[in-house]
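All remarks here apply to the structure that follows.
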Amino acid sequence: MELDNALNFSGGPGVLPESVLTQTQEAIFRVPETGLSVLGISHRSDWFAAVVAELETNIRQLLDVGTDYQVLLLQGGATQQFSMVPMALLRNSETAADYLHTGYWSGKALPEARREGPVRLLWSGEATEFRRLPDEAELEYAASAPYLHYVSNETVEGLQFHRLLGRDDVPRICDMSSDFLSRPCEAERFELIYAHAQKNIGPAGVTVVVARNSLIERANHDLPGFLDYRTHAQAHSIYNTPPVFAIYVVLLVTRWLLGEIGGVSAMARINQSKAALLYGLMDVHPEFYRSRVRAQDRSLMNVTFNLPTPELEQEFLALASEAGFSGLGGHRSVGGIRASLYNAMTLQSVEHLANFMADFQRKSGY
Ligand SMILES: *Cc1c(COP(=O)(O)O)cnc(C)c1O
């Protein structure tokens, strides 16, 4: 049987809303307002300037922040932000930035920060295999840190913070790549948020950085132009040729979020319902669907679990694929099963998966 796009539970790139795919298909031949293919429209056109302006407005509206924040559309993925943040704020610093090591992706940010300046490891879950997040009592934030860096949702392990970290007098910087615009996030309490598009809000090729003006103003000078937030802020994200196509699709996704879904609070309620279907089932059969992580730290975006044996996991994946599901294999670094429930994944598709899981459990005889 062929795979079904509605049943693509991939960890990333993730699924996109069907209405966005339909509009994207049309735009590849002809963008309604211009008559030209989106793949061949100049990034210096009035049309594209309007795309960027509308996208900035939509993201500010979805995050509920004002024009004291810049919305930048950059390249290089979240990985480039692992370097750009410490280049801007840690190079030449005498005091250490606070970093949390809560999983695979926050672990990738650490060595890049250490190249630029002093880093203090505030907490690490490495010794406990990243099966939980820290409790507040375990964290002693430094008052003098130039910033605190953490990852709101650890995509690989399936861990998500359900609270804000840090202190209000130390700038919070957060990688929200895998849960951006999936729920309200108190954006105005962060100095800088970054998220690449390809998990929750579009195709690969563009990374959204939302940064307070005052942070951009005090950032280090003497950086390569392209790696300096100022450059992109001054150029309204059209410093060089940007990924016009990816940016246009992200605009369509924000229109979908605002129009069809009704904003991030409505999105959060849908995401809650989706995750509850799978976690509810896992809680009924905890000896069969073995959660990787502590219950209170479970991610609403990436549901991870193991089965009693590796053979059963192989069988689960093979049968799922025959039934049209895809993307359910765990990340190569941890194995097991991972169902990613990004914004565009429908409740109906998650119901299909829950039914499949219930059937599989019954048939296995456990
Ligand atoms: C996938 C992911 C990354 C890596 O992003 P790239 O765009 O591939 O550089 C970084 N952080 C998080 C939280 C991720 O989920």
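Quick check: net charge around residue 159, other residues with Cβ under 9 Å of its Cβ, Lys/Arg +1 and Asp/Glu -1?
Values: positive: 131, 132, 292, 294, 298; negative: 154, 157, 297.
Net local charge, residue 159 excluded: +2.
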>> I'd like to compare 147-154, 88-95, 222-229: which one has the highest average count of other Cβ atoms within 10 Å, and what's the full order after that?
In response: 147-154, 88-95, 222-229
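Can you tell me the accessible area per residue over region 19-261, all protein chains present, probe 1.4 angstrom, in square angstrom? Walk me through the numbers before you get to the answer.
On the way: 9610 Å² over 243 residues.
Per residue, region 19-261 has an accessible area of 40 Å².
To the nearest 20 debye, what is the magnitude of the charge dipole of the chain about its Cα centre, counting +1 on the Cβ of each Lys and Arg and -1 on the Cβ of each Asp and Glu? Present the calculation step by step, with values, prior to reporting the outcome.
Numbers: 30 positive and 42 negative charges, 33 e Å.
Dipole about the Cα centre, nearest 20: 160 debye.
Answer rounded, prolate or oblate for the chain, using the Cα gyration tensor with square roots of eigenvalues a ≥ b ≥ c: rounded when a/c is under 1.5, else prolate when a/b is larger than b/c, else oblate.
Working: a/c = 2.09, a/b = 1.20, b/c = 1.75.
Judged from the Cα gyration tensor, the chain comes out oblate (a/c at least 1.5, b/c at or above a/b).
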> Of 73, 139, 164, which is farthest on the positive side of the dipole of region 53-182, counting Cα position, with +1 on Lys and Arg Cβ, -1 on Asp and Glu Cβ, and the Cα centre as origin?
Replying inline: 73
>> Using the Cα centre of the chain as origin and beta-carbon charges of +1 (Lys, Arg) and -1 (Asp, Glu), tell me which of 221, 55, 150 is placed farthest towards the positive end of the dipole.
In response: 221
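For region 256-354, what does the relative contact order come out to in percent, with C-alpha contacts under 8 Å and a separation of six or more? List each step's numbers first, then the result.
Working: 102 pairs, mean separation 29.6, N = 99.
For region 256-354, the relative contact order is 30 percent.
Enumerate by residue number the trypsin sites (Lys or Arg not before Pro) in region 30-88 meeting two conditions: DSSP loop (anything except H, G, I, E, B), and at most 12 other Cβ atoms within 10 Å of the site's Cβ. Please report the intermediate quantities before stating the final value.
Working: sites: 30, 44, 60; in loops: 30, 44.
Here the sparse-neighbourhood loop sites are 30, 44.
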> Under unit Cβ charges (Lys, Arg +1; Asp, Glu -1), what dipole magnitude, rounded to 20 debye, does region 1-90 have relative to its Cα centre?
Replying inline: 300
>> Can you compute the helix-only [θ] at 222 nm over the chain? Use -39500 (n - 2.57) per DSSP H run of at least 4 residues, normalise by all residues, nearest 500 deg cm²/dmol.
In response: -11500 deg cm²/dmol
> From the backbone phi of region 152-160, what are the Karplus-calculated ³J(HN,Hα) couplings (6.51 cos²θ - 1.76 cosθ + 1.60, θ = phi - 60°) in whole Hz, Gly and Pro given as x?
Replying inline: 5, 9, 7, 4, 6, 7, x, 10, 9
> DSSP beta bridges in the chain, what fraction antiparallel, as a percent rounded to 5?
Replying inline: 60
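Counting other C-beta atoms within 10 Å, and keeping those with at most 10, which DSSP coil chymotrypsin sites (Phe, Trp or Tyr not before Pro) do you find in region 291-364?
Numbers: sites: 305, 316, 325, 342, 356, 360; in loops: 325, 342.
In loop regions of region 291-364 (DSSP not H, G, I, E or B), there are no sparsely surrounded chymotrypsin sites (Phe, Trp or Tyr not before Pro).
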> With contacts defined as alpha carbon pairs under 8 Å and 6 or more residues apart, what's the relative contact order of region 19-261 in percent?
Replying inline: 25
> Can you give the accessible area of residue 43 in Å² (nearest 10), computed on protein heavy atoms with a 1.4 Å probe?
Replying inline: 40
> For residue 78, what charge total do you get from the other residues with a beta carbon under 13 Å from its beta carbon, if Lys and Arg give +1 and Asp and Glu give -1?
Replying inline: -2
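Loop-only GluC sites (Glu not before Pro) in region 175-281, please: DSSP not H, G, I, E or B, and at most 12 other Cβ atoms within 10 Å.
On the way: sites: 186, 188, 191, 217, 260; in loops: 186, 191.
Filter output for region 175-281: 186.
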>> Positive end of the dipole of the chain, charges at C-beta (+1 Lys, Arg; -1 Asp, Glu), about the Cα centre: which of 246, 110, 187 has its Cα farthest in that direction?
In response: 110
> What size of dipole, in debye to the nearest 20, comes out for region 196-326 about its Cα centre when the only charges are +1 on Lys and Arg C-beta atoms and -1 on Asp and Glu C-beta atoms?
Replying inline: 520
> For the chain, modelled as a Gaussian network with Cα springs under 10 Å, which listed residue fluctuates most, 233, 344, 195?
Replying inline: 233
> What ³J(HN,Hα) values, in whole Hz, does the Karplus curve 6.51 cos²θ - 1.76 cosθ + 1.60 give for region 91-104 when θ = phi - 60°, with x put for Gly and Pro?
Replying inline: 4, 6, 7, 7, 9, 7, 7, 8, 10, 9, 10, 10, x, 3
> Using a Gaussian network model of the chain with C-alpha springs under 10 Å, which one of 216, 173, 41 is most mobile by mean-square fluctuation?
Replying inline: 41
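Could you tell me which of rounded, prolate or oblate describes region 1-64, using a ≥ b ≥ c as the square roots of the eigenvalues of the alpha-carbon gyration tensor, with rounded for a/c under 1.5 and, failing that, prolate when a/b is larger than b/c and oblate otherwise? Provide the component values of the computation, followed by the final result.
Values: a/c = 2.86, a/b = 1.40, b/c = 2.04.
It is oblate, given that a/c is not under 1.5 and a/b is not larger than b/c.
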> Short version: ³J(HN,Hα) in whole Hz for each residue of region 193-199, in order, from phi by Karplus 6.51 cos²θ - 1.76 cosθ + 1.60 (θ = phi - 60°), x for Gly and Pro, what are they?
Replying inline: 10, 10, 7, 6, 7, 6, 9
> Got a number for carbon plus sulfur as a percent of region 218-292's accessible area, 1.4 Å probe?
Replying inline: 55
>> For 112, 287, 311, give me the order by solvent-accessible area with a 1.4 Å probe, most accessible first, ignoring ligands, DNA and RNA.
In response: 311, 287, 112
> List the lysines whose alpha-carbon lies under 22 Å from that of residue 199, not counting same-chain residues fewer than 8 positions away?
Replying inline: 108, 274
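What percent do you get for the relative contact order of region 196-274 when only Cα pairs under 8 Å and 6+ apart count?
On the way: 43 pairs, mean separation 23.1, N = 79.
So the answer I get is 29 percent.
The values are calculated or read from the model by the stated rules, or taken from the named source; none is laboratory data. Because the structure is a prediction, the values reported are computed rather than measured. Positions of Cβ are backbone-derived with ideal geometry, glycine not excepted, and every protein chain shown enters the neighbour counts. With ligands, DNA and RNA removed, areas are computed over all heavy atoms of the protein, side chains included. Shrake-Rupley method; radii C 1.70, N 1.55, O 1.52, S 1.80 Å.
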